[in-house]
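Notes for the one structure printed next.
The values are calculated or read from the model by the stated rules, or taken from the named source; none is laboratory data. In this text the structure is predicted, and so the values were computed from the model without any measurement. In this analysis, Cβ positions are derived from the backbone assuming ideal geometry, glycine residues included, and neighbour counts consider all displayed protein chains. Surface areas here come from the heavy atoms of the whole protein model, side chains and all, with no ligands, DNA or RNA. Shrake-Rupley method; radii C 1.70, N 1.55, O 1.52, S 1.80 Å.
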Amino acid sequence: QPEGVGHMLRAITHRGPDDEGVYVNGQIGMGNCRLSIIDLPGGHQPLCNEDETVWIVYNGEIYNYQKLRRDLEAKGHIFRTYSDTEVIVHLYEELGERCVDRLSGMFAFAIWDERAQKLVLARDRIGQKPLFYAQDGEDFLFASEVKAILAAMERSREIDYEAMHHYLSLRFIPPPRTMLRHVKKLPPAHILIYQAGKIAISRYWDLSFCQKLELPETELLEGLRQKLTQTVASHLVSDVPVGAFLSGGMDS
């Protein structure tokens, strides 16, 4: 319901003070509090495709979105904005949930596929962007923070004591657990599909150490320099000033 989405958005207004949007249609409701980085006037969310059958709310930044956009335009896709958000929508039209394989960046997104009556949640490979979910009776809730889910969930809150054990032992809670029994965290590099009242979760990427480079040290160093240069350049794409924070440690 619109009021339910509103309650959830108010709980996470601090995550996006620049803009706010809501899409409600029948059984689906989506909302977004936006921190504007790319395409400030045109990146309003929720955002849809040309015929309004695919809708997205998204948090993050896709570093290779410009190349993906060129490839999609060559295939006939029509873009209405210059945002990286819209690239995900059209890439989903091409590849379905496997669009995540082509995305380079940090992201957590939810896509509503009106034709298939399917909700797709996805999280980036390392888990830089958070994504939580809960099934509350016939309702399925998702958000960037637990507090937004609690703002709309009718179920009473129950502590997950195994999660508490992990926190006290490891100083963090491994996904999919959270401190609350009925709220889960989507693990990094995973896709969740919610369709016909059922949840299906699958992993789309894993770190591999199988392939080794056997090159002279000079070539390895130059290759590392090129990779770092490309990575930094892609991270600097922005329509607002960019800040760089160095910890002072060895990595910095």
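Might you check whether a residue that is touching a residue at least 40 places away in the same chain (Cβ under 8 Å) and among the small types (G, A, S) occurs anywhere in the range 180-194? Yes, that holds for at least one residue. Here G76 clears all of (1) surrounded by 15 or more Cβ atoms within 10 Å (Cβ to Cβ); (2) more than 17 Å from the chain's Cα centre (by Cα); (3) over 21 Å from Q128 (Cα atoms) except the condition numbered (1). Applying the criterion of being touching a residue at least 12 places away in the same chain (Cβ under 8 Å) and open to solvent by 20 Å² or more (accessible area, probe 1.4 Å) to the residues of the range 35-45, the residue that is nearest to I111 (Cα to Cα) is H44.
Of all the criteria given as (1) closer than 21 Å to I12 by Cα; (2) modelled with pLDDT of 95 or more, the one not satisfied by G60 is (2).
Could you please let me know if S83 is within 18 Å of the chain's Cα centre (by Cα), open to solvent by less than 10 Å² (accessible area, probe 1.4 Å) and of a type in the set (S, T, Y)? Walk me through how you get there before you give the answer.
Details: within 18 Å of the chain's Cα centre (by Cα): yes; open to solvent by less than 10 Å² (accessible area, probe 1.4 Å): yes; of a type in the set (S, T, Y): yes.
Yes; evaluated as a whole, the condition is true for this residue.
Give me the residue from the range 229-252 that is open to solvent by less than 100 Å² (accessible area, probe 1.4 Å) and outside any loop (DSSP other than H, G, I, E, B) and, out of that set, nearest to I37 (Cα to Cα). That would be H235.
With respect to the stated conditions, V240 is modelled with pLDDT under 95 and either under 27 Å from I111 (Cα atoms) or touching a Lys or Arg at 6+ places or on another chain (Cβ under 8 Å) (or both). Here's a check for you: in the range 101-131, which residue that is assigned to a strand (DSSP E or B) and basic (K, R) is surrounded by the most Cβ atoms within 10 Å (Cβ to Cβ)? Out of the qualifying residues, it is R123.
Are there any strands (runs of 3 or more DSSP E) wholly within the range 1-100 with 2 or more residues that are within 26 Å of I149 (Cβ to Cβ) and of a type in the set (G, A, S), and if so which?
Strands (runs of 3 or more DSSP E) meeting the threshold: 28-34.
Could you please find all residues in the range 206-237 being farther than 28 Å from P187 by Cα and in contact (Cβ under 8 Å) with a residue 12 or more places away in the chain? Residues satisfying the conditions do not exist here.
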